[in-house]
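Q: Here's a structure for you.
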Amino acid sequence: MNFIKAKFIVHFIPAIVIGLVMLIISYTASWNEYYEYMQNNLNGTPLKNTTSKILSYLYKGSRAFHLIQIVIYNFLAIRFILKARKQMNNLFSNLDKYQLKYFYIANISFIICMSVPGVFVTILGRKPINTDIISYLVLCSLFTLLYIILAIVGLKQIPAKINISSKEDKTENKISLSNIEADFDLNEIHQNLMNYFDKKKPWLQPDLNIWDVSKNIGSNRTYVSKVINEEIGCNFNQFVNGYRIEEAKKLLTKTPLIPISEISELSGFGSVNSFIRIFKASELCTPNQYRM
């Protein structure tokens, strides 16, 4: 189930059902019954009529349900973001080009912070604005600040300019092989992949992605990703950067006078910072320390 479907089930369907029930009861209620219900919401006056009590229970129940929705929505949204981050590692060799350093942290923090005014509004209910001006001012300021932060992060984000044809997606979805045929094909793809990387050195391209690799070895993204994940034991990003690290180690040893920035470029990394970070994670030392 994707995020849009989950959001529709969690948010829109219950909201529509509760809204319709309240609309029907409000329409059938008399003016005095509805007025009694609204006075209870705004001023806390007692409820005497059955219809007014039903409307009040529905309203309070919808507020409680909204709090539950906030929790579920946050869980699904964060889960979706983390899943997307994992998928990015299986698609691109240079993630710095497509995402900011703190992009995921900013988005998750924004989602969590957005739930704060949501909870605040739900608890506050239908209290008149003139009775609690400070609370509403804080609420509006918080919303404004959050949207400004999201706008800044969004404007700095660089979109991935990858066009995936519907034909490729349909082909990948319709592929169905027996176990023997699948094993044979995966072994062949594995061999073709290793030969391609050994002979053509595609990792020297900073913007290398899994679609380019699949096209050059005559396969598709699903199979190439399966080979890298299950047979080689890593994701696409780690696989490509492993070759880049080995290339960088050779250059660091053979050419001690070349600057680190040039080593990074000659090894296929998208930036010096990315090179140093990935090299340190792999070799437990910086490129300069390795050179010494």
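The values are calculated or read from the model by the stated rules, or taken from the named source; none is laboratory data. Just so it is clear, the model here is predicted, and its values are computed rather than measured. All Cβ positions, even for glycine, are placed from backbone atoms using ideal geometry, and neighbour counts span all protein chains on display. Just the protein is used for accessible areas: all its heavy atoms, side chains included, with ligands, DNA and RNA removed. Shrake-Rupley method; radii C 1.70, N 1.55, O 1.52, S 1.80 Å.
Q: Given the Cα-Cα distance of Met194 and Thr286 and 0.36 nm per residue of separation, how much length would full extension add, in nm? List each step's numbers first, then the result.
A: Numbers: separation 92, 0.36 × 92 = 33.12 nm, distance 2.76 nm.
Gain on extension, Met194 to Thr286, equals 30.4 nm.
Q: From the backbone phi of the range 20-28, what are the Karplus-calculated ³J(HN,Hα) couplings (6.51 cos²θ - 1.76 cosθ + 1.60, θ = phi - 60°) in whole Hz, Gly and Pro given as x?
A: Whole-Hz 3J(HN,Hα) from phi for the range 20-28: 5, 4, 5, 5, 5, 5, 5, 5, 7.
Q: At 0.36 nm per residue, minus the direct Cα-Cα distance, what do Leu145 and Leu42 gain on full extension? Give it in nm, one decimal, please. Don't skip to the end; give the middle numbers.
A: Working: separation 103, 0.36 × 103 = 37.08 nm, distance 2.87 nm.
Gain in length upon complete extension: 34.2 nm.
Q: Given R₀ = 45 Å, what would the calculated FRET efficiency be for Asp185 paired with Ile72, taking r from the Cβ atoms and rounding to 0.05?
A: About 0.65, to the nearest 0.05.
Q: Now a separate question. According to a simple spin-label model (label point 7 Å from Cα along Cα-to-Cβ), what is the distance in nm between Lys83 and Tyr27?
A: Using points 7 Å along Cα→Cβ, the separation is 3.7 nm.
Q: Set the bar at 22 Å for Cα to Cα. Now go through Lys83/Lys249; Lys199/Lys280; Lys200/Lys249 and name every pair that lies beyond it. The partial results should precede the final answer.
A: Numbers: Lys83/Lys249 32 Å; Lys199/Lys280 27 Å; Lys200/Lys249 19 Å.
Beyond 22 Å between Cα atoms: Lys83/Lys249; Lys199/Lys280.
Q: Here is a follow-up. HN-Hα J couplings of the range 277-292 from phi, Karplus 6.51/-1.76/1.60, θ = phi - 60°, integer Hz, Gly and Pro as x?
A: Residue by residue, the range 277-292 yields 5, 5, 4, 5, 5, 7, 9, 6, 7, 7, x, 5, 5, 5, 5, 6 Hz.
Q: Mind ranking 221-230, 41-50 by how tightly packed they are, going by the mean number of other C-beta atoms within 10 angstrom, highest first? The partial results should precede the final answer.
A: Working: 221-230: 18.8, 41-50: 11.9.
Ranked from most to least packed, the peptides come out as 221-230, 41-50.
Q: Please give the peptides 263-272, 69-78 ranked by average Cβ packing (other Cβ atoms within 10 Å per residue), highest first, as a rough proxy for protection.
A: Numbers: 263-272: 20.6, 69-78: 16.2.
Averaged packing, sorted descending, gives the order 263-272, 69-78.
Q: Kindly report, to the nearest 10 Å², the accessible surface of Leu20 as traced by a 1.4 Å probe over protein heavy atoms only.
A: 90
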